[in-house]
1. Please give every one of the lysines within straight-line cross-link reach of residue 60, meaning a C-alpha to C-alpha distance under 26 Å, and leave out same-chain neighbours fewer than 8 residues apart.
2. Helix-derived [θ] at 222 nm for the chain: sum -39500 (n - 2.57) over DSSP H runs of at least 4, divide by residue count, nearest 500?
3. Output the relative contact order of the range 1-54, whole-number percent, from Cα pairs under 8 angstrom with separation of 6+ residues.
4. Just subtract the alpha-carbon distance of residue 332 and residue 217 from 0.36 nm times their residue separation and send over the number in nm, one decimal.
5. Which ³J(HN,Hα) values in Hz, rounded to whole numbers, follow from the phi angles of the range 141-156 under the Karplus curve 6.51 cos²θ - 1.76 cosθ + 1.60, where θ = phi - 60° and Gly and Pro get x?
6. With θ set to phi - 60°, apply the Karplus curve 6.51 cos²θ - 1.76 cosθ + 1.60 along the range 261-272 and write out the HN-Hα couplings as whole Hz, x wherever there is a Gly or Pro.
7. Quick one: dipole size for the range 102-202, taken about the Cα centre, charges +1 on Lys/Arg Cβ and -1 on Asp/Glu Cβ, in debye to the nearest 20.
8. Taking Cα centroids, how far is the range 37-54 from the range 1-33 in Å?
Amino acid sequence: MTKEKFGENVFLYTLENSNGLKLKLADVGASITGIFFKNKKGDNIEVAFGSDDVSFYSAKAKNGHMGATVGRVAGKTLNAAFKIGDKEYKLNPNKAPHHTHGGVDGLSYVFFTSKEIADNKIEFHYLSKDGEEGYPGNLDLTVTYTLTEDNEVIIDYKATTDKQTPVNIMNHSYFNLNGKGKINNHKISIDSNYYLPENENGDSSGEIIKVDNTPYDFRNMKEIDTIIKSKGGCDNCFVFDDNDIKKSRVKVVSEESLISLEVFTDMPSVLFYTANSLNNLQVRGQVLNKHEAFCLETQYFTLSLNYNHFPSIILYPDREFKHRTIYKFTAL
């Protein structure tokens, strides 16, 4: 592990295992600022994007929350308002009239305090104060990253609150197993029988639909190009039947780089996003555009605060929010 200055009062950590898997982390947004992996030919490929410029990790940079911790509530909250019981809360309408990804700063652009737990483990801590971005309660959050010798990046989230408050926190890394170019030739499988369709506004319609006979059936591996050609891309939640962390929920394979990525999680869904809105984003050594990366956002259902029949994301003071996601890389 190495630790270096990454701007004023900001630190950058680099963790590397014996197989050459390198994980870069920063304490602004408790962000992944890059993942590098060597295939069997010895090519060192940046499989998750980031930047070496600290200014990139600010709300003003409009970086699409790249690699950041997102919350308190990931995704959109319609009309920037929700209720707990009879009490209505107004959130910061950072994409008026709606609230997205936790607000202007949310968790993605605030400064966490960091601590080295072991040579392969970093802990980030942040206290989101009562009223921040409109959310009730003080939320005490810890995000821990672990890099294993099995080529796993493990992310553990733990949070407690002193008031009832919604919590749906996840990581927003952008992946490309080729390190550059379009993602169309990547192959993907998702262990899901149901997905959340969108309405005419592009938001979740509130329905939970079987994937059978739809372009959203990824139970058997197929090229990402199929959803790009048929629907212009993907930005939908896929629902799991259980929360078994031992099950491989998503697998993505590049036959070009001969690298695979598997996702394990104890969350009830994953949002698969094909970077439909990326446009001229300057990252480390290149510019990213539409369909040149993908996200696998493990989380509760999107728009959970707007649909009462979706599983509740309200955290109570006597309980703890816990979420683990594992990104596992393999050289094929």
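The values are calculated or read from the model by the stated rules, or taken from the named source; none is laboratory data. Everything numeric in this text was worked out from a predicted model, so none of it was measured. When we count neighbours, we look across all protein chains shown, and the Cβ atoms used for this are built from the backbone with ideal geometry, even at glycine. For the accessible areas, the whole protein counts, side chains as well, though only heavy atoms, and no ligand, DNA or RNA atoms are used. Shrake-Rupley method; radii C 1.70, N 1.55, O 1.52, S 1.80 Å.
1. Residue 60 reaches 3, 5, 24, 76, 90, 95, 129, 180, 290.
2. The helix contribution divided over the chain gives -500 deg cm²/dmol.
3. 24 percent
4. 38.9 nm
5. So the Karplus estimates, Gly and Pro as x, are 10, 10, 10, 10, 10, 10, 9, 9, 6, 8, 6, 10, 9, 9, 10, 10 Hz.
6. 10, 10, 10, 10, 7, 9, 8, x, 7, 10, 9, 9
7. So the magnitude is around 300 debye.
8. Computed from Cα coordinates, the inter-centre distance equals 14 Å.
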